[in-house]
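One structure below.
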Amino acid sequence: MRERLNCLEEFKALQETCIKARENEKRKVLVCCGTGCAAGGNLKVYEELQNQMALHGEAFEVTLNLTECAGEAVGIKKSGCHGFCEMGPLVRIEPEGWLYTKVRVDDVKEIVETSLIGGEFVERLGYHQNGELYKRQEDIPFYKKQTRRVLEHCGHIDAESIEEYLSIGGYSALVKALFEMSGEEVIQEVTDSGLRGRGGAGFPTGKKWAQVAAHKEEPVKYIVCNGDEGDPGAFMDRSCMEGDPHKILEGMIIAGVATGSTEGYIYVRAEYPLAVSRLSIAIQQAEELGLIGDNILGSGRNFHMHINRGAGAFVCGEGSAMTASIEGNRGMPRTKPPRSVDKGLFEKPTCLNNVETFANVPDIIKKGAAWFRSVGTEGSPGTKAFALTGNVVNTGLIEVPMGTTLREVVYDIGGGIKNGKKFKAVQIGGPSGGCLTEEHLDLPMDFDSLKKVGAIIGSGGLVVMDEDSCMVNIAQFFMNFICEESCGKCTPCREGTTRMNEILTRITQGNGHMSDIDELKSLGKMIQTSSLCGLGKTAPNPVLSTLQNFEEEYVEHIRDKRCHCGTCKALAQYIITDACRGCTLCARNCPVNAITGAPRQKHVIDTTKCIKCGTCKANCRFGAIKEG
């Protein structure tokens, strides 16, 4: 149990102790225990590191707790996500900054003996690209092109230790907001920074805070953090919550101080058990020290924190649906006005921002608005975290200045398209986003530029697609997701998305009509203009953007009954080429006898009989059967 801090002087003394303890650590072993690396076996790597370091106890002192570090110890820590998910499980050695990739339990003994005792780098575990070995994490091209601010400490600190957070200046921004600034000055600093909501809409954060603060007559106001990250392929907020939970808490408490709010709620989907666990630990630690609760550090300010676990409904990412869910009601949006800043949670003024937005606040208060605006664009200052996934060489969690081009992300950071294939498109912003193509590769990725081409940043999902990706199938995938996640409250979304999904399914099965293209466009525009909430209004984006950029693929599916990518199996066509040697293996294995031909002569597939099962292609030893 930690001793409660009752005044500013006690806080400063503890922080100084933590800073000195961190400086005393001769070397640190940071084992990535984010969800991705944990799934890859890094928890066993962590346990084996403990065992091996204990066996070599005479070589160095080992500490698992920062405050226990009295001398030149080696600290072993469970960190959050390092970001380079493609190369996990990951282990980082400090102070050298070495990064070991794809680490297995069998590698641990060598790491301990060669690196921790011998001080040498294990080259086979380093990152290799184009014949070059990269020892230091910061030198790897994937990291070198990034500007990590929100993610600065993810992977570099023990995510379950408040002492670690204090040792890197944690909660100093809260102290500044409590003792050196008024609420109005805090809001003005956030306003001057130009910080816009990182959850998708990009609403000015300072303006929202000012609207909540203006309700001075209200005895109770709320701060709500949206951690309900439901976009397929997105894991930015999850990684922040797992890797640096105190940063989010500090941002929320500062928001409470600025707006006069005394209660905070973090809404996290239950599918993020590690995030829930680490947030719970962080809240308990902050409460023990008196950084959350009544009379924080003797300032007279109160702030209490709660965690709500969502049941996985995508619609609860919408503000009014989220507050309804926290209240114990069914998560469904309501009409606006009134907006949440006037009547939100429990009918009280509510400041609702997402995880990444709150995580930006401590640095803005500590370093100032000008520092925050030093990167990014005029209309979209700061950085943005993206989950880079799909057909790209380096997948993972990245953070870049607003205004960075898609080309820089895909090729400089992502390493280009897998297997040397051609870039085709990127789905940005998840189901609510849009499709960017080759002509958009040099488009700055910021709120205003993307809006002009019919796309949004959304929460920050980036799904890269290569030349073999079927855009009709992609549109159908996202529309099917939207249909399942629609709350059903308003007719345009409930019925309109269902009709769109039916049409898309029919097209991918080879039963489409040319009139379906106009029908999809008409339905999409109707849903956009008449749906109740943001989910419905943006639901048609994947379909409309793929129609805008790849209408010829829709025509191919409908008129030619063909999917040249081979993704839509109902439209697949199997052709025997001149490479056929007449071995008869395909004919003997065809379940419907659709293949004929004499031995040692080219065979033929009867397309009227073919059920497109692919057995022939799987059994051909000469690669003579092509799918197209």
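The values are calculated or read from the model by the stated rules, or taken from the named source; none is laboratory data. Given the structure is predicted, the values throughout are model-derived calculations rather than measurements. Virtual Cβ from ideal backbone geometry, glycine too; neighbours counted across all protein chains shown. Just the protein is used for accessible areas: all its heavy atoms, side chains included, with ligands, DNA and RNA removed. Shrake-Rupley method; radii C 1.70, N 1.55, O 1.52, S 1.80 Å.
Things to note:
- Condition check for Ala286: of a type outside the set (S, T, N, Q) and not in a loop (DSSP other than H, G, I, E, B): yes
- Single residue of the range 528-544 satisfying the filter (open to solvent by less than 40 Å² (accessible area, probe 1.4 Å) and assigned to a loop (DSSP other than H, G, I, E, B)) that is nearest to Gly430 (Cα to Cα): Ala539
- Pair list, Cβ < 8 Å and 6+ apart or interchain, from the range 185-201 residues that are at positive phi to residues that are assigned to a loop (DSSP other than H, G, I, E, B) and of a type in the set (A, V, I, L, M, F, W, C): Gly200/Ile456; Gly200/Ile457
- Here Ile168 meets the list (1) open to solvent by less than 20 Å² (accessible area, probe 1.4 Å); (2) in contact with a His (Cβ under 7 Å, 6 or more places away or on another chain) almost entirely, failing just condition (1).
- When the criteria are applied in full, Leu520 fails the requirement of being within 31 Å of the chain's Cα centre (by Cα) and in contact (Cβ under 8 Å) with a residue 40 or more places away in the chain.
- Filter result (assigned to a loop (DSSP other than H, G, I, E, B) and open to solvent by less than 10 Å² (accessible area, probe 1.4 Å)) within the range 342-355: Gly344, Pro349
- Residue tally, condition among the aliphatic types (A, V, I, L, M) and not in a helix (DSSP H, G or I), over the range 159-171: 2
- Of the numbered criteria (1) farther than 21 Å from Lys28 by Cβ; (2) assigned to a helix (DSSP H, G or I), the one Tyr143 fails is (1).
- As a summary of the residue check, Ala282 satisfies the conditions (1) without any contact (Cβ under 8 Å) to a residue 40 or more places away in the chain; (2) of a type in the set (A, V, I, L, M, F, W, C); (3) closer than 19 Å to Ala159 by Cβ except for the one numbered (1).
- Listed by first and then second residue, the pairs linking a residue in the range 480-499 that is open to solvent by 60 Å² or more (accessible area, probe 1.4 Å) to a residue that is modelled with pLDDT of 95 or more and assigned to a helix (DSSP H, G or I), with Cβ atoms under 7 Å apart and 6 or more places separating them unless they lie on different chains, are Arg499/Leu523.
- Residue, farthest from the chain's Cα centre (by Cα), within the range 353-363, restricted to residues that are farther than 14 Å from Arg148 by Cα and among the hydrophobic types (A, V, I, L, M, F, W, C): Val361
- Enumeration of residues in the range 545-576 that are in a helix (DSSP H, G or I) and among the β-branched types (Val, Ile, Thr): Thr546, Val555, Ile558
- Among the residues making up the range 356-403, those that are over 18 Å from Asp448 (Cβ atoms), open to solvent by less than 10 Å² (accessible area, probe 1.4 Å) and outside any helix (DSSP H, G or I) are Ala385, Ala387, Leu388, Val392, Asn394, Gly396, Leu397, Ile398, Glu399.
- Scanning the range 286-313 for residues that are touching a His at 6+ places or on another chain (Cβ under 8 Å) and touching a residue at least 24 places away in the same chain (Cβ under 8 Å) gives Ala286, Ile292.
- Those helices (runs of 4 or more DSSP H) lying entirely in the range 172-224 with at least 1 residues open to solvent by 10 Å² or more (accessible area, probe 1.4 Å) and among the acidic types (Asp, Glu): 183-193
The rows are residues; the columns are (1) modelled with pLDDT of 95 or more; (2) farther than 30 Å from Gly97 by Cα; (3) in contact with a His (Cβ under 7 Å, 6 or more places away or on another chain); (4) among the aromatic types (Phe, Trp, Tyr).
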position: Ser161; (1), (2), (3), (4): no, no, no, no
position: Glu164; (1), (2), (3), (4): no, no, no, no
position: Val175; (1), (2), (3), (4): yes, yes, no, no
position: Asp192; (1), (2), (3), (4): yes, yes, no, no
position: Glu217; (1), (2), (3), (4): no, yes, no, no
position: Gly230; (1), (2), (3), (4): no, yes, no, no
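- Any hit, the range 334-341, residues being within 23 Å of Val190 (Cβ to Cβ), part of a loop (DSSP other than H, G, I, E, B) and of a type in the set (Ser, Thr, Tyr): yes
- The criterion of at least 2 residues that are modelled with pLDDT under 90 and open to solvent by 30 Å² or more (accessible area, probe 1.4 Å) is met by the following helices (runs of 4 or more DSSP H) wholly inside the range 1-101: 8-24, 42-55.
- Lone unmet requirement of (1) open to solvent by 40 Å² or more (accessible area, probe 1.4 Å); (2) within 18 Å of Glu495 (Cβ to Cβ); (3) of a type outside the set (A, V, I, L, M, F, W, C) for Asp518: (2)
- Selection count where residues are open to solvent by 40 Å² or more (accessible area, probe 1.4 Å), in contact with a Gly (Cβ under 8 Å, 6 or more places away or on another chain) and touching a residue at least 24 places away in the same chain (Cβ under 8 Å), scope the range 575-628: 5
- Within the range 102-138, the residues that satisfy the criterion of being assigned to a loop (DSSP other than H, G, I, E, B), in contact (Cβ under 8 Å) with a residue 24 or more places away in the chain and out of contact with any helix residue (DSSP H, G or I) (no Cβ under 6 Å at 6 or more places or on another chain) are Arg104, Phe121, Gly126, Lys135.
- Among (1) open to solvent by 10 Å² or more (accessible area, probe 1.4 Å); (2) within 29 Å of Gly433 (Cβ to Cβ); (3) touching a Leu at 6+ places or on another chain (Cβ under 7 Å), the one test that His557 misses: (1)
- Any hit, the range 310-329, residues being surrounded by fewer than 16 Cβ atoms within 10 Å (Cβ to Cβ) and touching a Leu at 6+ places or on another chain (Cβ under 8 Å): yes
- Set side by side, the residues Val150, Val122, Val105 differ, and just one is over 30 Å from Gly233 (Cα atoms) and at pLDDT 95 or above, which is Val122.
- Given (1) more than 20 Å from the chain's Cα centre (by Cα); (2) small (Gly, Ala, Ser); (3) surrounded by 21 or more Cβ atoms within 10 Å (Cβ to Cβ); (4) farther than 30 Å from Leu535 by Cα, number of the condition Gly155 does not satisfy: (1)
- Of the criteria (1) modelled with pLDDT under 95; (2) among the polar types (S, T, N, Q); (3) open to solvent by 10 Å² or more (accessible area, probe 1.4 Å), which one Gln427 fails: (3)
- Number of positions in the range 384-428 that are under 15 Å from Gly461 (Cα atoms) and of a type in the set (Phe, Trp, Tyr): 1
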